[in-house]
Amino acid sequence: MRILVLGGTIFVSKAVAEEALRRGHEVVCAVRGVSGQVPAGAAVAVVDRERPDGLAALAGERFDAVVDVARISFPWVRDALATLAKNAAHWTFVSTISVYADNATPGQGVAGPLVEPLEEDAAGRPTAEVAERYGQIKVASENAVREVFGEAAFIPRPGLITGPGDLSDRFGYWPARFARGGRVVLPDAPDRLCQHIDVRDFAAWIVLAAEQRLGGTFDAISTPAPLPEFLGEIREAVGGEVEPVLVPEAKLAELKVNPWGGPRSLPLWLPPDYDGMASHQARPALDAGLTIRPVAQTAVDTLAWERELGLDRERKAGLSPAEEAEVLAAL
């Protein structure tokens with residue numbers, strides 16, 4: 001197959017290009033050329049999706065499959081469809097579970113209510129505004145893709161994407177922290193759930209979907225697991241002499257420890273009113289060919305990636321050693 005990846009240098013798009021090459025496909029990566037190198041063996045098409053004619057280099061090209069990971073720009077998606085759709089046999093648009101309007105109700109599937117679509121480009125906006133618009137732009141983008149391809153379009157909605165290459169620190173914080181050892185602050189939240197998808201499993205499913213001409217919308221995620229069990233598997237996988245210190249959720253809030261991600265946080269921990277965000281229906285995707293590797297394998301491989309970056313670097317999510325010491329001292 002001849003596969004076009006709109007991207008190919010960072011995280012999901014790079015993993016897709018690598019997986020497609022591994023399976024023997026011809027891969028073209030459409031990139032600006034400023035975010036790194038494409039995988040060895042991939043061809044490069046220089047594009048600039050910020051420009052109205054930014055995809056002109058690909059006009060008239062035929063592809064067996066196109067994979068678009070456009071994150072915060074509806075015009076990117078619209079223009080890609082206008083330029084490429086008529087010569088593409090299969091189309092993947094990578095969406096997100098942030099399209100859902102209800103984050104509280106557990107067990108939702110793809111029929112759950114969505115946020116209002118927003119046909120906008122959020123590039124350049126402050127982080128908080130991007131986060132606010134992210135799901136809305138993805139909904140508008142999904143709609144545009146379906147207008148062209150109908151249910152033949154493949155639209156996976158991943159939740160937390162983990163594994164080597166993730167720079168969000170929402171998963172990587174934990175294998176790095178457990179490997180360092182010592183007293184570790186953990187949320188005392190036995191009823192909270194957690195879901196994820198390793199980027200390599202996600203990429204493999206995207207390529208499989210192209211090979212099989214799979215269409216439809218899916219929540220691309222693992223089966224929900226209790227958060228203590230999930231963190232326990234990470235801890236056992238990476239080793240480290242750890243003394244767990246369980247802190248009640250109310251106490252964490254009192255000490256201004258944030259949930260999920262960002263500064264001064266305990267990643268993966270979600271408050272009760274977000275139970276729906278960590279309990280989406282995984283079975284339809286699993287039945288359609290998605291496979292999820294053990295959390296332990298993701299943890300070990302992520303720790304190796306973390307060591308390459310530097311375990312003591314400043315992070316986008318988690319507690320710094322000083323912040324964790326402050327929390328421990330306050331208990």
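Any read-out appearing in this document is the output of simple, stated calculations on the displayed coordinates, not a laboratory observation. Model, not experiment: these values are computed from the prediction. Please note: Cβ atoms are built from the backbone with ideal geometry, for glycine as well, and neighbour counts cover all protein chains shown.
Over all Cα atoms in the range 219-277, the spread is summed up by Rg and Dmax: 13.0, 36 Å. Evaluated over the chain, the count of Lys pairs having alpha-carbon atoms less than 24 Å apart is 6 (only pairs 8 or more residues apart or interchain).
From the alpha carbon centroid of the range 290-331 to that of the range 177-235 is 15 Å. From zero up to wherever the largest Cα-Cα distance of the range 2-158 sits, split into 10 Å bins and tell me the percent of pairs in each. Percent of pairs per bin, in order: 11, 39, 36, 13, 1.
The Cα-based radius of gyration and maximum Cα-Cα distance (Dmax) for the chain are 20.1, 64 Å. Since only Ala144, Ala17, Ala329 are under comparison, the one whose Cα sits farthest along the positive direction of the charge dipole of the chain, derived from C-beta charges on Lys, Arg, Asp and Glu, is Ala17.
Mean residue ellipticity at 222 nm, helices only, the chain: -11000 deg cm²/dmol; runs of at least 4 DSSP H residues each add -39,500 (n - 2.57), and the sum is divided by the number of residues.
Overall, the range 2-158 carries a charge dipole of about 400 debye about its Cα centre when +1 sits on the Cβ of Lys and Arg and -1 on the Cβ of Asp and Glu, all other atoms neutral.
When +1 charges are put on Lys and Arg Cβ atoms and -1 charges on Asp and Glu Cβ atoms, the dipole computed for the chain relative to its Cα centre reaches about 620 debye. Restricting the chymotrypsin sites (Phe, Trp or Tyr not before Pro) of the range 1-84 to loop positions (DSSP other than H, G, I, E, B) with no more than 12 neighbouring Cβ atoms within 10 Å leaves nothing.
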